[in-house]
Amino acid sequence: MKRAQQVAFVTAVATLGLIALGAYVRASGSGLGCSDWPACEGVDVLPTDKKSLIELSHRYVGTVVGLLVIATAYLAWRHYRDVPLLFWGALVNVPLVGLQGLLGAVTVLRELPPEIVATHLVTAMLVLSIEVVIFTAMLREDPDRSFALSESMRAAGRSVGARAVVALAGLTATVWFGGFITENGAALACEGWPDCNGSLIPARDNKEVMHMLHRYLAAGGMLLLVPVAVGAWRNAAVLSWGAAVSILLAGLYGLQVGVGAFNVFFTFPSALTVAHTTVAATIWVVLVVAAVLGYYEPARERRGTKLQDSEVSA
């Protein structure tokens, strides 16, 4: 089981790295560094052109992530067949990562349509979510790491977990629009921050509207993250993870706002563009962890609760 936890952790980290590398592919203009798929300009190993090399390296890392997802599914089958969430989550992630690869192929063959690029990014986030769920649930199933849940912990955890799920829904829209405006050129439509070309209300220009919509969604995201952070902090006395989640969300959101502003000020340099996507993905990970810790009960605890209930009814 320890090996399964290690592989699940490595898979989650590798998926986060793949998302960051994908952001670099977009930021460096390397999305069409390889105009065909799965080969790259007819070269099967390493091309000499820099953009082709960047794009092909993303494909290689994606292949490694796919193999790790399969390995995680195999280990879940070996050790967690009696835990439905772990087993089925790991199993579902295999075709999902395959779909992600196909979306990557469509992205290249159709020459980077913004809606497909954005969907490709959100699908990567979903793969990452499932891997984080699997790893966190494995820790909760580990008798050496797990802890018994009192009723107060269950109530507090579910409250924070529910808020985290709502925040994830809002973050999904923000991430999708972020990927969309990056690819269709709307990211460069606004000069200045927080205003857009001298106004907080966009002009009738479609790209200005889309750019500001992303900013509005990001600002609205604060309204969804604050309840999670506040709830986790207020329940830190009963939730061992509450303070960490609260501090991480507050720090990461502040960092994300700063990175977003500097992106505009410095016209989206590659380093800041990659950082913007990576910080968003890290916020996503923290929310997923909060949701799992808030809702998930180990299988043995659920079986114990059912047994107690049956004894009481008898």
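Okay, here's what the table says:
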{"quantity": "Per-q log10 I(q)/I(0), the range 150-296, q = 0.11, 0.22 Å⁻¹ (Debye; single scatterer per alpha-carbon; no solvent)", "calculated": "-0.45, -1.25"}
{"quantity": "FRET efficiency estimate (nearest 0.05) - Cβ-Cβ, residue 166 to residue 51, R0 35 angstrom", "calculated": "0.35"}
{"quantity": "Dipole in debye (nearest 20) - the range 1-147, about Cα centre, beta carbon charges: Lys, Arg +1; Asp, Glu -1", "calculated": "320 debye"}
{"quantity": "Kyte-Doolittle at least -1.0, axis length at least 24 Å by Cα - qualifying DSSP helices, the chain", "calculated": "2-27, 50-79, 84-109, 114-141, 151-184, 206-234, 242-265, 270-295"}
{"quantity": "Highest average packing first - 17-29, 175-187, Cβ atoms within 10 Å", "calculated": "175-187, 17-29"}
{"quantity": "Mean Cα-pair separation over length for the chain, i.e. relative contact order, pairs under 8 Å, 6 or more apart, %", "calculated": "23 percent"}
{"quantity": "Packing-based ranking, highest mean first, of 93-101, 129-137 given that Cβ atoms within 10 Å are counted", "calculated": "129-137, 93-101"}
{"quantity": "q = 0.14 Å⁻¹: log10 I(q)/I(0) that the Debye formula gives for the range 1-147, counting C-alpha atoms only", "calculated": "-0.66"}
{"quantity": "The range 75-133 versus the range 210-239: alpha-carbon centroid distance in Å", "calculated": "25 Å"}
{"quantity": "Cα-derived Rg over Rh, computed across the range 72-131 with Rh taken as Kirkwood radius", "calculated": "1.13"}
{"quantity": "P(r) of the chain over all Cα-Cα pairs, binned every 20 Å from zero, in whole percent", "calculated": "30, 54, 15, 1"}
{"quantity": "Mean separation of Cα contacts under 8 Å, 6 or more apart, over the residue count of the range 1-147: relative contact order %", "calculated": "32 percent"}
{"quantity": "Mean Cβ neighbour count within 10 Å, used as a protection proxy, ranking 254-262, 116-124 highest first", "calculated": "116-124, 254-262"}
{"quantity": "Sites residue 151 and residue 70, calculated FRET efficiency, Cβ-Cβ separation with R0 45 Å, nearest 0.05", "calculated": "0.70"}
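Bear in mind that the values in this text are calculations on the coordinates, not laboratory data. Predicted model only: the values in this text are computed from it and were never measured. Cβ sites come from the backbone with ideal geometry, for glycine too, and all protein chains shown count toward neighbours.
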